[in-house]
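J.: Handing you a structure now.
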Amino acid sequence: SLVGSEMCIRDRFLTCASYYGTGSSAVTDLISEYDGVDNLTDYEFRFLHDPYGVRDLQYYLIDNPNRHNSGFGLKKFIKYTKFLEGNALFKRYRHFLGDAFATETKKYVDSLITTSFNAYWQYDLLERGKTYYFFSRLFYKIFRKDLFVKNIKTYVCNVDKDYFIERTKEYAEGIFKNALTSPDNFLMVDQIVPSSNIEDFLPYFNDIRIFLVDRDPRDLYLSEKYVWHEGVVPASPEEFVEWYKYCRKDQKRYIENENVCFLRFEDMIYDYENTKRKIVRFAGMDEERHVNPLSKFNPEISKKNTKLYLKYPQEKENIKIIEERL
């Protein structure tokens, strides 16, 4: 619990989940215009759901605790979180959280380990590279000795699911507690849950309000092709359609979740007042605390990012494919 309040930060999380380029930053910007919200910008904090993040760790420790899994999974998690910490050149989480992420990660890992000892399995060797793996196995085959293998530590995490979930709640709270300037504020943390399998991540919070944001697929296709050039979205309309559908599998199930508010980017622009009220009420915020309206998100400015299919007549045939199939 935060000092001077019975309210835990784990009760005050707001987040956006999206599908790449669908305009979730508009929600983040709008919410940041309200008094009583601490906003960590649209930087994506994906440590729960990225590969080798917390959800993968749950698989290795809880869902499938095979004899090698806990050690392997925990080492992957440690390596991944070391990357997220950042460094002098690329600060990553350190830029927003200072030392809190590194400190709380170590505390979290230590709370999960029940014992450790020197041992290895083949993936420990493979992690050091294919060349190392080849020569270590060749040496063992010839001399029947593991001369290449020294001081490799593994871990046993003999904990149950309830314990893991509770430690994860404490972990998330510890990481972000210093970002909350008042115990009564909400904390906006972008992309802390994914746009898929949302229900898998709800147990990591006492309460979290998720804004799931989508947009017109025609504009998404054209934005990538003519504006962003990020190489994320397929270039051909046929491949784009399949990619778009794949990213939104089971979307209806997530939309119906009581912790999820589904929004379309276009509604924030062309139905601004109604959509704003929808967002504020879902979050549990006070509508009267909109102290800086239009300072971060201005629908009149964002209009230029919509109806792009009218600006590129040379894409008429490609847009027709998208319209027919989506």
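J.: Please check: in the Gaussian network model of the chain (C-alpha springs, under 10 Å), which one of LEU125, LEU30, LEU220 has the largest mean-square fluctuation.
T.: Between LEU125, LEU30, LEU220, it is LEU125 that shows the largest mean-square fluctuation.
J.: Right, here's the next one. Can you list the residues, at least 5 places off or on another chain, whose amide H is less than 5 Å from the amide H of PHE186, using H built in the peptide plane?
T.: Distant-sequence amide H within range of PHE186: VAL37, ASP38.
J.: Given the C-alpha atoms of region 194-236, compute the convex hull and give its volume per residue in Å³.
T.: Normalising the Cα hull of region 194-236 by residue number yields 105 Å³.
J.: Then there's this: So, with +1 on the Cβ of K and R and -1 on the Cβ of D and E, and no other charges, what is the size of the charge dipole of region 1-101 about its Cα centre, to the nearest 20 debye?
T.: For region 1-101, the charge dipole is close to 760 debye.
J.: Which ³J(HN,Hα) values in Hz, rounded to whole numbers, follow from the phi angles of region 59-65 under the Karplus curve 6.51 cos²θ - 1.76 cosθ + 1.60, where θ = phi - 60° and Gly and Pro get x?
T.: My calculation for region 59-65 gives 4, 5, 8, 10, 6, 9, x Hz in order.
J.: I've got another one for you. Gaussian network model of the chain, Cα springs within a sub-10 Å range: biggest mean-square fluctuation belongs to which of CYS157, CYS247, CYS16?
T.: CYS247
J.: For region 212-326, state what percent of all Cα-Cα pairs lands in each successive 5 Å bin, counting from 0 Å until the bin that includes the largest distance.
T.: 2, 9, 17, 19, 17, 15, 11, 6, 2, 0
J.: Enumerate the calculated ³J(HN,Hα) couplings along region 196-212 in order (Karplus 6.51 cos²θ - 1.76 cosθ + 1.60, θ = phi - 60°), each rounded to whole Hz, writing x wherever the residue is Gly or Pro.
T.: Residue by residue, region 196-212 yields 10, 6, 4, 4, 5, 9, 4, x, 7, 9, 5, 7, 9, 10, 10, 9, 9 Hz.
J.: Indicate the gyration tensor shape class of region 19-110 (rounded, prolate or oblate), computed on the Cα atoms with a ≥ b ≥ c the square roots of the eigenvalues: a/c under 1.5 is rounded; otherwise a/b larger than b/c is prolate and the rest oblate. Don't skip to the end; give the middle numbers.
T.: On the way: a/c = 2.46, a/b = 1.75, b/c = 1.41.
The shape class here is prolate.
J.: A further question on this structure: Region 173-231 to region 54-79: how many Å between their Cα centroids?
T.: Their Cα centres are 25 Å away from one another.
J.: Once the mean 1/r over all distinct Cα pairs of region 90-211 is inverted, what Kirkwood radius in angstroms do you read off?
T.: 18.1 Å
J.: Using a probe of 1.4 angstrom, how much of the accessible area of region 27-84 is carbon and sulfur, in percent?
T.: About 47 percent, which is the carbon plus sulfur part of the accessible surface.
J.: Computed over the Cα atoms, what is the radius of gyration of the chain divided by 2.2 N^0.38 Å, N being its residue count?
T.: Taking N as the residue count of the chain, the ratio is 1.16.
J.: Which one, ASP219, ASP35, ASP162, has the greatest fluctuation when you compute a Gaussian network model over the chain with C-alpha springs under 10 angstrom?
T.: For the chain, modelled as a Gaussian network with Cα springs under 10 Å, the answer is ASP162.
J.: For region 237-326, what relative contact order do you get, as a whole percent, if you take Cα pairs closer than 8 Å and at least 6 residues apart?
T.: Computed value for region 237-326: 39 percent relative contact order.
J.: Each label point is 7 Å from the Cα along the Cα-to-Cβ direction; what then is the distance between the points at ILE301 and ASP271, in nm?
T.: Reported label-point gap for ILE301 and ASP271 is 2.5 nm.
J.: Can you give the longest run of the chain that contains no GluC sites (Glu not before Pro) sitting in a DSSP loop with at most 12 other Cβ atoms inside 10 Å?
T.: 7-229
The values are calculated or read from the model by the stated rules, or taken from the named source; none is laboratory data. Since this is a predicted model, take the numbers as computed values, not measurements. A quick note on method: Cβ atoms are made from the backbone with ideal geometry, for glycine too, and the neighbour counts reach across all protein chains shown. For accessibility, only protein heavy atoms count, side chains too; no ligands or nucleic acids. Shrake-Rupley method; radii C 1.70, N 1.55, O 1.52, S 1.80 Å.
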